[in-house]
Amino acid sequence: RDAIESPVKTSSIPRQVPDQPFYFETWFCAIVGGGLPFGSCFVEYYFILSSLWMDQYYYVFGVLLVVWIILLFMSAEVATLINYFTLCAEDYHWWWRSFITSGSVAFYFFLYSWYYFGTFEDGSVNFSTYMLYFGYMSLICFGVFCMTGYVGLATCLWFNRKIYGSIKVD
């Protein structure tokens, strides 16, 4: 495959990024960017956790598909919006920010799994139960981080190529 080609001619000398306010920092964008996609799917996440850990049957796969699509669209939209705002503030370091911003929904998933475990834990469990539950939830959340992070990165790459490809340089 060919390498990614830039739609505009760029300089090899990097520009100085102006000082940014705190709300354009990557950590703040990640905190804000993960909340909205998580809010769109946390009810369904409860049912998935119940089916995994409480021996309940999950049979609403059509709703799960719709919620999964909503999660991906919300992750892409939030990453694109934050990418656009940071580009308007003349900060061109968007690659990792877009990945981390949209992938940060996994942090909220992991926090909710802690809450879920705390509500159903009765105190009579041993250490292996903790290791099993949090080990599996860490793997699941890492998969969600990679999935939504890729969606955000790919969407921002497409968006940036579109907006910079429409610039007419004479």
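Values for this structure:
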item: Given (1) open to solvent by less than 100 Å² (accessible area, probe 1.4 Å); (2) in contact with a helix residue (DSSP H, G or I) (Cβ under 7 Å, 6 or more places away or on another chain), index of the condition residue 57 fails; result: (1)
item: Some residue of the range 117-135 being outside any helix (DSSP H, G or I) and open to solvent by less than 30 Å² (accessible area, probe 1.4 Å); result: no
item: Within the range 78-115, tally of residues that are part of a helix (DSSP H, G or I), under 25 Å from residue 21 (Cα atoms) and in contact (Cβ under 8 Å) with a residue 40 or more places away in the chain; result: 21
item: Given (1) surrounded by fewer than 10 Cβ atoms within 10 Å (Cβ to Cβ); (2) β-branched (Val, Ile, Thr); (3) outside any loop (DSSP other than H, G, I, E, B), number of the condition residue 4 does not satisfy; result: (3)
item: Among the residues listed as 42, 61, 47, 38, the single one being over 30 Å from residue 125 (Cα atoms) and aromatic (Phe, Trp, Tyr); result: 61
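Conditions (1) within 19 Å of the chain's Cα centre (by Cα); (2) closer than 26 Å to residue 135 by Cα; (3) open to solvent by 80 Å² or more (accessible area, probe 1.4 Å), marked per residue:
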residue	(1), (2), (3)
22	no, no, yes
40	yes, yes, no
64	yes, yes, no
67	yes, yes, no
84	yes, no, yes
90	no, no, yes
100	yes, yes, no
106	yes, yes, no
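The values are calculated or read from the model by the stated rules, or taken from the named source; none is laboratory data. None of the values given here were measured: they were computed from a predicted structure. With ideal geometry, Cβ positions are generated from the backbone for all residues, glycine too; neighbour counts draw on all protein chains shown. Accessible surface areas use protein heavy atoms only, side chains included; no ligands, DNA or RNA. Shrake-Rupley method; radii C 1.70, N 1.55, O 1.52, S 1.80 Å.
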